[in-house]
Amino acid sequence: MSPPRVLTIAGSDSGGGAGIQADLKTFLSLGTYGLSVLTALTAQNTTGVSAIHACPSEFVLQQFDSVASDIEIDAVKVGMLCNHDIVAALASRLRDWKASSDSHGGSGVPVVLDPVMVSTSGSLLLSEGAIETLIQDLLPLCTILTPNLPEARQLLKYAAKFTSHQSGPRERELAQSNEMTELPQMMAAAKSIAQLGPKAVLVKGGHAKLNRPQIESWLEGLDTGSELAGVNGAVITRRGNVTAIRTDRIPHSHVLDETSSQGNPQMVVCDVLYQQTDDAEGSYVLFIKPLIASTATHGTGCTLSSALAASLAQGHSLVRSTSIAITYVQNAIANGIQDLGKGPGPLDHSYPFQPRGLITDSPDSSTASPFALLRSLISNSIDVWTAFVQHPFVLGLADGSLSREAFEWFMKQDYLFLRHYARIWAQAAASPDNTFEEVSTLAGMAQAMAEEAKLHLQICHDSLGMSASQLEHETMESAATLAYTRFVLDTARSGDTLELLVAVSPCMVGYAQVGLWLQQHRKQGIDKDFAAWIDAYAGSDFQDAAKKAMLLIEAKAARDPPSPERLRKLQKTWNAACRLEAGMWDEAVEPSLRRLVLEP
C-alpha cells in the first residue's frame, strides 16, 4: 500500500532550503510521498535570490494534469505562484479538479495555501492583478491559508480594495498598520481573512516576538483544559471559543533559563489558528511556543505549510495537523544547518531520521546554546523529568501538606545517598582527561555534598535526636537508595567521565530546579524544616555549585560532541537517573513501597 500522496505546487530553490526542495524533504520526513508541479525556477543561495524564471502557465497546467490524471492526490500544498497568469490558470484548474468526484478528482482533498506575497525586504512578489485573482479565486478553494504577519496585512489591504468584502474599522486599522504585534490584532486578522473564503487561517507570529507577561495577561481567565492528544508536554487552557496550547515551558527548567545568557527566555512566538464554524464567532487555537534564537530559518514558511499538508493527507484533524507541523518546524529550526553557506542557513528537514549528534556550537555565538546537552536531555525526557521535578513530594513541600514522617524518612535515606554521591564527584575529579580547572570544580562538588549533608544532620539531630554516628552506622539503606547509589557507582566504573557526569547531573540540575520552583511557590507558614530545606537548595551556594557542574558537563560535551549513538546512550543514562531520583521520593510519600535492604 502506497503512503499518503502530497502534491506541492511551488517554485524551486537552487540552494535547497525552501520551495519544492523543502516541501519534498518535509513530505518524506513525515512519512508521505511527494509530488511536484514547478511554477518557477530561481537562482538563489543562502545570501539571496539573483534571478527568477517563471514557467509558462500552460506548462504548469500540463504538469498538474499529468500528475492528477494518474495518481490519486491526498493533499495539496500551494506556494510561490510567481505571476498573474499562473495564479489565474491554477485557480481555474483547481476549481474544476475539486468539483470532480471521480477517483482522480479533488473532491474533499485538503488544500493548504502559503501565500508567498512579500519578500524578506518587504517588497511585493506578486502584481496587484495577481493578488486580486488570488484573493477572489484561489482563497475560496483553500482548506487552510498560512500567511505570516506581513502577508496578512497585505491580504487585508487588497481585500478591501478588490472585493465586495465589507471591512469594518478594525479591519481597516489592521490593514493600515505597519505592525501587528499584539495577540488580539492577530486574532482579529485571522478571522477577517477567513471571511475571504478559506475554511481556516493560520496567522504565523514569527514577526511578532511576544513575551510571557504579555501572553499571561491576554490569556488571563482561561480554564485548564484536557490534554490534547499528541501534544506532548503542552499546557492547554480554554475559555469559550479560544483554546491556548502552550509549549513555551518546554523544556521545563528554570535553572537552565536563569543561567543561560542566550537571548531572553521570556520571549515567545504565537501562531493563531482560526476556523470557521456554524457559529458566526468561529473558533481560535493559539499555539504559543518558545522563541528559538537561530539564524537557520530559511524555508520556515514552506516547511510549515508542507508539514500541514502532509499531516492532513494522513487523516489528522486540522488542529492536530497544525500542532504536528509547528512541532516539526520548531525541531527543524533547533537542529538547523547554520554553517551551510555565507548567509542564513536552512532548517534540518531530516532531523527525525538522520540525527547529526549534539550541536554544541554555532557560527553565530549569539545563537549558540550554552546548555546544548542538558537541553537535549531534558527535551527528550519531558515525562520523566516532570515526574521528578514536580513529584508529589515537591508539591507537598510547597503547600506544607507533606507529612513530617515522609520528610524524615527521606532525609535519612538522602544522607546515605550523599555519602556515596560525594565519592562519585571525587572519583570524577581523578579522571586523567580533566584540566586543572575541572579538577577544582569536581573536587568542589564533593565538598558541596559534604556541606549539603550538614543540613540533613542538623534536621535529623533536632527532630529525631540522631547523631551522625547513628545515621551512618544504624540506618539501613532502602531499596530505592541502594538502586540509585549502585547505578551511579556502576556508571563510574565504565571510565566514561561524560556518562558519569550525566548520571549524577539530574541530582544537581533537578534539585537546583526544584529549589528555584519552591522558592517561588511555597506557602507562608510551612514547617520550619521544610523551609530550611527549600532555602538550602534555592540558596546561592547550591545554585552556584549546580551552575558550575552544568557548565563543566557542557564543556566536556563541547570538547568531544557526542555522536547520535552516544547521545542515545547518554539519554538512557539520564532517564534512568531521573527515575531513580523520583523513586526515592516515591518511598517517602508511600510507606507501602519502603523496603529496608542493606544493613550499615
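The values are calculated or read from the model by the stated rules, or taken from the named source; none is laboratory data. If you're wondering where the values come from, they're calculated on a predicted model, not measured in any experiment. As a convention, Cβ positions derive from the backbone with ideal geometry for all residues, glycine included, and neighbour counts pool all protein chains shown.
When Thr26 is tested against (1) polar (S, T, N, Q); (2) more than 23 Å from Met117 (Cβ to Cβ); (3) crowded, with 20+ Cβ neighbours inside 10 Å, just one condition goes unmet, and that condition is (2). Of all the numbered requirements in (1) at pLDDT below 80; (2) aromatic (Phe, Trp, Tyr); (3) more than 16 Å from the chain's Cα centre (by Cα); (4) crowded, with 20+ Cβ neighbours inside 10 Å, Phe353 misses one, and that requirement is (4). The residues listed here are Ser294, Ser283, Ser311, Ser305; of these, the one that is under 20 Å from Asp248 (Cβ atoms) and among the hydroxyl-bearing types (Ser, Thr, Tyr) is Ser294. Taken together, the residues in the range 281-300 that are closer than 16 Å to Pro198 by Cβ, out of contact with any Phe, Trp or Tyr (no Cβ under 6 Å at 6 or more places or on another chain) and among the small types (Gly, Ala, Ser) amount to 1. Identification of helices (runs of 4 or more DSSP H) wholly contained in the range 122-238 with 3 or more residues that are at pLDDT below 80 and farther than 30 Å from Ile52 by Cβ yields 169-176.
In the range 305-324 there is no residue that is at pLDDT 85 or above, buried (at least 20 other Cβ atoms within 10 Å of the Cβ) and closer than 30 Å to Lys556 by Cβ. Every residue in the range 296-339 that is of a type in the set (S, T, N, Q), touching a Pro at 6+ places or on another chain (Cβ under 7 Å) and over 19 Å from Leu149 (Cα atoms), please. Within the range 296-339, Gln314, Gln338 meet the criteria. How many of the residues in the range 573-599 are buried (at least 18 other Cβ atoms within 10 Å of the Cβ) and basic (Lys, Arg)? Of the residues in that region, 1 qualify. Looking only at the range 42-76, residues that are aromatic (Phe, Trp, Tyr) and under 13 Å from Leu7 (Cβ atoms) come to 1 in all. Go through the range 535-567 and give me each residue that's surrounded by 13 or more Cβ atoms within 10 Å (Cβ to Cβ), assigned to a helix (DSSP H, G or I) and of a type outside the set (A, V, I, L, M, F, W, C). Asp535, Tyr537, Gln543, Asp544, Lys547, Lys548, Glu554, Lys556, Arg566 - these are the residues of the range 535-567 that are surrounded by 13 or more Cβ atoms within 10 Å (Cβ to Cβ), assigned to a helix (DSSP H, G or I) and of a type outside the set (A, V, I, L, M, F, W, C). Is there a residue in the range 316-330 that is assigned to a loop (DSSP other than H, G, I, E, B) and in contact with a helix residue (DSSP H, G or I) (Cβ under 8 Å, 6 or more places away or on another chain)? Taking every residue of the range 316-330 in turn, at least one turns out to be assigned to a loop (DSSP other than H, G, I, E, B) and in contact with a helix residue (DSSP H, G or I) (Cβ under 8 Å, 6 or more places away or on another chain). Here is the figure for the range 518-532: residues that are closer than 23 Å to Thr386 by Cα and either among the basic types (Lys, Arg) or at pLDDT 90 or above (or both) total 6. Close contacts from the range 479-506, counting a first residue that is closer than 17 Å to Lys412 by Cα and modelled with pLDDT of 90 or more and a second that is in a helix (DSSP H, G or I) and among the aliphatic types (A, V, I, L, M), with Cβ to Cβ under 7 Å and a gap of 6+ residues or different chains, come to Ala480/Met584; Thr481/Leu416; Thr481/Met584; Ala483/Leu580; Tyr484/Leu580; Tyr484/Met584.
Conditions tested, residue by residue: (1) crowded, with 20+ Cβ neighbours inside 10 Å; (2) of a type in the set (S, T, N, Q).
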{"position": "His53", "(1), (2)": "no, no"}
{"position": "Gln63", "(1), (2)": "no, yes"}
{"position": "Asp74", "(1), (2)": "yes, no"}
{"position": "Val116", "(1), (2)": "yes, no"}
{"position": "Ala130", "(1), (2)": "yes, no"}
{"position": "Thr133", "(1), (2)": "yes, yes"}
{"position": "Leu139", "(1), (2)": "yes, no"}
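Residues that are touching a helix residue (DSSP H, G or I) at 6+ places or on another chain (Cβ under 6 Å), crowded, with 16+ Cβ neighbours inside 10 Å and either polar (S, T, N, Q) or farther than 23 Å from Gln63 by Cβ (or both): does the range 93-108 have at least one? Within the range 93-108, none of the residues are touching a helix residue (DSSP H, G or I) at 6+ places or on another chain (Cβ under 6 Å), crowded, with 16+ Cβ neighbours inside 10 Å and either polar (S, T, N, Q) or farther than 23 Å from Gln63 by Cβ (or both). Please determine whether any residue of the range 590-600 is closer than 18 Å to Phe371 by Cβ and in a helix (DSSP H, G or I). The answer is no; no qualifying residue exists. Look at the range 5-19: where a residue is without any contact (Cβ under 8 Å) to a residue 60 or more places away in the chain and a partner is assigned to a helix (DSSP H, G or I) and not hydroxyl-bearing (Ser, Thr, Tyr), sitting 6+ places away or on another chain with Cβ atoms under 8 Å, you get Ser12/Gly19; Ser12/Ile20; Ser12/Gln21.
Output yes when any residue across the range 255-262 is under 26 Å from Asn380 (Cβ atoms), in the same structural domain as Ala190 (by TED's automatic domain parsing) and at pLDDT 85 or above, and no when none is. No, the range 255-262 contains no residue that is under 26 Å from Asn380 (Cβ atoms), in the same structural domain as Ala190 (by TED's automatic domain parsing) and at pLDDT 85 or above. Restricting to the range 85-107, name every residue that is of a type in the set (Gly, Ala, Ser) and assigned to a helix (DSSP H, G or I). The answer is Ala88, Ala89, Ala91, Ser92, Ala99. In the range 516-534, the qualifying residues are those that are not in a helix (DSSP H, G or I) and not β-branched (Val, Ile, Thr), and the one that is nearest to Phe407 (Cα to Cα) is Asp527. Go through the residues of the range 418-435 one by one and say whether even a single one is modelled with pLDDT of 80 or more and within 23 Å of Gln519 (Cβ to Cβ). For the range 418-435, residues modelled with pLDDT of 80 or more and within 23 Å of Gln519 (Cβ to Cβ): present. Within this structure, Ser350 fails the test of being touching a strand residue (DSSP E or B) at 6+ places or on another chain (Cβ under 9 Å) and among the small types (Gly, Ala, Ser).
Looking only at residues of the range 187-210 that are under 10 Å from Cys270 (Cα atoms) and out of contact with any Pro (no Cβ under 8 Å at 6 or more places or on another chain), we find that the one that is surrounded by the most Cβ atoms within 10 Å (Cβ to Cβ) is Gly205.
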